[in-house]
Every structure is written in structure tokens, then in C-alpha cells.
1. Give the residue that is surrounded by the fewest Cβ atoms within 10 Å (Cβ to Cβ), with candidates limited to residues of the stretch 138-153 that are of a type in the set (Gly, Ala, Ser) and within 21 Å of residue 76 (Cβ to Cβ).
2. For residue 47, which of the numbered conditions (1) touching a strand residue (DSSP E or B) at 6+ places or on another chain (Cβ under 7 Å); (2) buried (at least 20 other Cβ atoms within 10 Å of the Cβ); (3) within 21 Å of residue 141 (Cβ to Cβ) fails to hold?
3. How many residues are outside any loop (DSSP other than H, G, I, E, B), surrounded by 14 or more Cβ atoms within 10 Å (Cβ to Cβ) and more than 21 Å from the chain's Cα centre (by Cα) when one looks only at the stretch 65-78?
4. In the stretch 270-286, is there at least one residue being free of Cβ contacts under 8 Å to residues at least 40 places away in the same chain, surrounded by fewer than 21 Cβ atoms within 10 Å (Cβ to Cβ), in a loop (DSSP other than H, G, I, E, B) and away from ligand 1 (no atom under 16 Å from the Cβ)?
5. Considering the stretch 1-58 alone, what residues qualify as being away from ligand 2 (no atom under 16 Å from the Cβ) and in a loop (DSSP other than H, G, I, E, B)?
6. When you scan the stretch 128-234 for strands (runs of 3 or more DSSP E) that lie fully inside it, which ones turn up with 1 or more residues that are assigned by TED's automatic domain parsing to the domain that holds residue 317 and not aromatic (Phe, Trp, Tyr)?
7. Give the stretch 284-322 a look and list any residue that's at pLDDT 95 or above and β-branched (Val, Ile, Thr), or say none.
8. If you take the residues in the stretch 176-228 that are in contact (Cβ under 8 Å) with a residue 24 or more places away in the chain and among the basic types (Lys, Arg), which one is nearest to ligand 2 (Cβ to nearest atom)?
Amino acid sequence: MNTNLRRLLEIAEKDKRTIIGLMSGTSLDGLDVALCEMTGHGTQTQLVLRQFDTMPYDAAFKEQVKAIFSKREVDLEKVCLMNAYIGTYHAELINACLEKWGVSAQEVDVIASHGQTIYHAPASQHKLNGMPNATLQIGDGDHIAVKTGIITLSDFRQKHIAAGGEGAPLAVYGDYLLFSEKGQNRIMLNIGGIANFTFLPGDLDTTRIFSTDVGPGNTLMDAYVQLKFPGKFYDAESEIASRGKYDAALLTALLDHPFFGLGFPKTTGPELFNLAYMEQAQEASNTSHLSAQDVLATLNRFSATAICEAITRSTQENSFEIFLSGGGMHNPLLLQNMRELLGDTVIRNTAELGVSPDAKEAVLFATLANECLVGEKIDFGSGKQSIPSVQMGKISLP
Ligand SMILES: Nc1ncnc2c1ncn2[C@@H]1O[C@H](COP(=O)(O)OP(=O)(O)OP(=O)(O)O)[C@@H](O)[C@H]1O
Ligand SMILES: CC(=O)N[C@H]1[C@@H]2OC[C@@H](O2)[C@@H](O)[C@@H]1O[C@H](C)C(=O)O
């Protein structure tokens, strides 16, 4: 038997697995690297987060990715090159983390790599009859496996689509396995570039679990800051937006899109929520004259409104607690706007559940890899909210 295949079987038979989860999102702030120790599987999964770092991307790399990111027309050669380049770059960042942590590659059983989404095309957005939901993440897993010497699982989203989903959100699997709590309805809300949440019922009725994107999180605010304030990547501590006030006419125009009328679940991305979307709303509301501070305050209110309206529209429960994760939770004005819109709803974060909010998405991919290696079918959701019951991840042997 191939020695790597034998190694894979040995890993699957271990009581405890050491898995590195990776996440690189739409903000392009860096590669999230989470070193996880996992025992069990399914609802018996036990996780210890041993190490976590976000390895920052250099400015040149951010520009290289942005040149091929969420655009209908791109230089195909650049896409081809970046698939290999990102795989190699991620491998280098992983090796740097292992050295920093004093962990040898031999101690790591597998890597779970999300890769870098460069285009997301659910049928509700591409509207091409007869064509499937589709999504594309690059950063090839074979390059990571060879350059770290560690078996690597990658490209998780394709199986989700093959089994009837839109390739996202995948957080629902880890949210359900790690954060369900009897007697407490929970909303696991991730505020990344795009905001998404999972509803976890306190009665543990798995047919009532669902997960959906809700609209922009940080992505529009970040894009606008990068446009208007060169050298800045985001509105740290909402310092800029806090000096403005939101414009009701622009907010109404931003919310006036068919996406917000779609049922749940649904997914989206910067393919829709981008600067062109904002400029169209400004033209429609005759608000192109607004100051940068007022526009940013309005984009902040827009994200908060999209999030809160989706939660209240989709959750029939009269009591639930929200657990935040993702970088948007560090945006004070966004949280203030959400509290205004949600009243006395309790807003906490996943650190209170033992998982750093910044590490959560990388941890979720480690959980998906664990399920691929030792999990069994999980049946949850129902009807249109049904969630593909599949193990995900392509396996790359070093
Ligand atoms: N101190 C802060 N003040 C305001 N915003 C912040 C702060 N820290 C982080 N953010 C926001 O969080 C973003 C990074 O968050 P995160 O890493 O979750 O994004 P992401 O990985 O792109 O998410 P996703 O993959 O879900 O799109 C930053 O681009 C910024 O918008
Ligand atoms: C195609 C893609 O990369 N989607 C991301 C994006 O970022 C947030 C939201 O949109 C979510 O649906 C998803 O990532 C998280 C990790 C998910 O799949 O749950």
C-alpha cells in the first residue's frame, strides 16, 4: 500500500488528531492558521485550540489577488499562476507558523485549507438557465501538501454544491457540532467580508437548523475605505464612520435590491456587494455629494440593517442569544447599530464558548476535515433549508 495512504488510514484510526485549519477571506488581511487537537466526531467532537495566528499578507500579494477577485473578466493566465502561487505562499506561511510555535510538521496529521475564493456564482446571482451553482477557490492543495510534507484537504465547497447546496455557508457544520446548547437558541453570526449566520435551536431539533448569508459585512466598508483613504485597509475602531451620520435616502437605496427579498438560505459575495453597487445606490438616491464620513456611516448602518433584518425575518423564536465571530465584531459602530436595531437581544462572542472569534472560521475547516476523516452522515435542516449531508474536502498526498 502507498505509504501516504497507510498514513491516512493510521490518522483516521487515531483517538486524537492534530489538524491545522486555514482560512483566507474576502478582507485579504492574512491567512488564519489554527492548530487544533480533535477527538471524536459528529456531536461528540471535542476540540482544543492549541495555537492560532493570522499571518499577514503583504501589500503586493493583496494587489495580485484583487486583480483576479470577484471580477467577470480577468487575465486567465494570472488565475492559472495564482492557483499555484497561493498554494506555495500558504505553505510557506504554515511552515513559518510551525517554526514560531515550535511544532514539527511530523506532529501535524492533516491540513484543512479553504483556499482563496476568487469568484462565487450561485444561480440566484448568475441567472444563467441550465447552469449550476458554482464557486471557485484557488490555492492548490497539492502545492501545500508537497511543500509542507503534510496530507492536505482542500476545495471543500465543491462537494456541497455537488450535493445540492450553493457551496456556502459551510460554518453550519462546525457551528452545529461545536456550539449547539440544549435549552438555548443560538445565532452564530460571523461578520466577515460577507455576513452569515447559523441558527441552532435549543430543543436540539436538527431539522430546524439552518444557515445563510445575509449580505455585506465588512466588504463594502473596506472597499470604500481603500478607495477614499489610500494606505488604509479598513475603518479601524470605526473612527471615520463615527465622524459621520448615516443618510436615510442612501440607506433605503442600498437596501432596495432583490437579494434582500430572496428566501433563506442564500449566498452572495463581493460579486454583488461592491463599489459599483454602492455607486448605483448613490445615483438612485441622488446622494453622490455626501462626505466620505457620511457614506461610511451609511455603509456601516447598511451592514447592520441587513444582518438584523435577516435575523429577525428568519428566526421565529422570541428569545435567542447571538454569538459573534469574524473581524466585524471589532467594529464599535457596527455593534452599536446592531444593538439599536435588535433591542435587548443578548450579543456575546465565541470566546465565551472557548473558541477565539478570530480563529473560528479556521477551526470550522479543521472540523470539516475531521468529519471527512472519521465522520459519518449528519442529517440536519429540512425542506428548502436542507443542508447537504456530505463529507467534504479533496485529499492531497505529499
Ligand atoms: N479594530 C477593528 N475595527 C474595525 N473593523 C475591524 C477591526 N478589526 C477587524 N476589522 C474588520 O474585520 C475585517 C477582517 O475580518 P475577517 O478576518 O473576519 O474578514 P474575512 O476573513 O475576510 O472574513 P470572511 O472570510 O468571512 O469574508 C477587516 O477587514 C475589517 O473590516
Ligand atoms: C464562497 C465563499 O467563500 N463564501 C464565504 C463568504 O464569507 C462569509 C460568507 O461568504 C460565507 O458564506 C463563506 O465563508 C464561510 C466561512 C462559510 O462558508 O461559512
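1. In the first step, residues of the stretch 138-153 are kept if they are of a type in the set (Gly, Ala, Ser); the result is 139, 141, 145, 149.
Filter again for within 21 Å of residue 76 (Cβ to Cβ), leaving 139, 141.
Values: 139: 28, 141: 24.
Filtering the stretch 138-153 for residues that are of a type in the set (Gly, Ala, Ser) and within 21 Å of residue 76 (Cβ to Cβ), the one surrounded by the fewest Cβ atoms within 10 Å (Cβ to Cβ) comes out as 141.
2. Among (1) touching a strand residue (DSSP E or B) at 6+ places or on another chain (Cβ under 7 Å); (2) buried (at least 20 other Cβ atoms within 10 Å of the Cβ); (3) within 21 Å of residue 141 (Cβ to Cβ), residue 47 violates only (3).
3. 1
4. Checked the stretch 270-286: at least one residue is free of Cβ contacts under 8 Å to residues at least 40 places away in the same chain, surrounded by fewer than 21 Cβ atoms within 10 Å (Cβ to Cβ), in a loop (DSSP other than H, G, I, E, B) and away from ligand 1 (no atom under 16 Å from the Cβ).
5. 1, 2, 14, 15, 40, 41, 45, 57, 58
6. On the way: elements: 134-138, 151-154, 186-191, 194-200, 210-216.
Qualifying strands (runs of 3 or more DSSP E): 186-191, 194-200, 210-216.
7. If the condition is that a residue be at pLDDT 95 or above and β-branched (Val, Ile, Thr), then 287, 295, 298, 305, 307, 311, 322 are the ones that fit.
8. Across the stretch 176-228, the extreme among qualifying residues is 186.
The values are calculated or read from the model by the stated rules, or taken from the named source; none is laboratory data. Owing to the predicted nature of the structure, the values given are computational and were not obtained by experimental measurement. All Cβ positions, glycine included, derive from the backbone under ideal geometry; neighbour counts span all protein chains shown.
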